[in-house]
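Here the structure is laid out as structure tokens; the discussion comes afterwards.
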Amino acid sequence: MSFPEGPIETEQDDSHDAVDPAPTDGFVAGVTRAIRKHVATWPGRYVEMRVEARSPRQK
């Protein structure tokens, strides 16, 4: 058995996806967007709250 010489073309055309893209409006999309925003902003907010809790209060 012999093997072909040269590169094997394994690239496929991704221009025809089998799944439609998700809609950007509606209840599920809104909830998903809110969750992603929360996950992106929470670490910074958490650090700010901890720093505020640990620093002495000035009057």
field: Any pair with Cβ under 9 angstrom, 6 or more apart, that starts in the range 24-50 at a residue that is without any contact (Cβ under 8 Å) to a residue 12 or more places away in the chain and ends at one that is of a type in the set (Ser, Thr, Tyr) and open to solvent by 100 Å² or more (accessible area, probe 1.4 Å)
entry: ARG33/THR24
query: Got at least one residue in the range 11-20 being out of contact with any Ser or Thr (no Cβ under 9 Å at 6 or more places or on another chain), in a loop (DSSP other than H, G, I, E, B), on the phi > 0 side of the Ramachandran plot and at pLDDT 65 or above?
result: no
- prompt: Do we have any residue at all in the range 34-45 that's modelled with pLDDT of 90 or more and of a type in the set (Ser, Thr, Tyr)?
  reply: yes
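The values are calculated or read from the model by the stated rules, or taken from the named source; none is laboratory data. Quick caveat, the model's predicted, so the values are computed rather than measured. Here Cβ is always computed from backbone atoms with ideal geometry, including for glycine, and neighbour counts include all displayed protein chains. All accessible areas refer to the heavy atoms of the entire protein, side chains included, with ligands and DNA or RNA removed. Shrake-Rupley method; radii C 1.70, N 1.55, O 1.52, S 1.80 Å.
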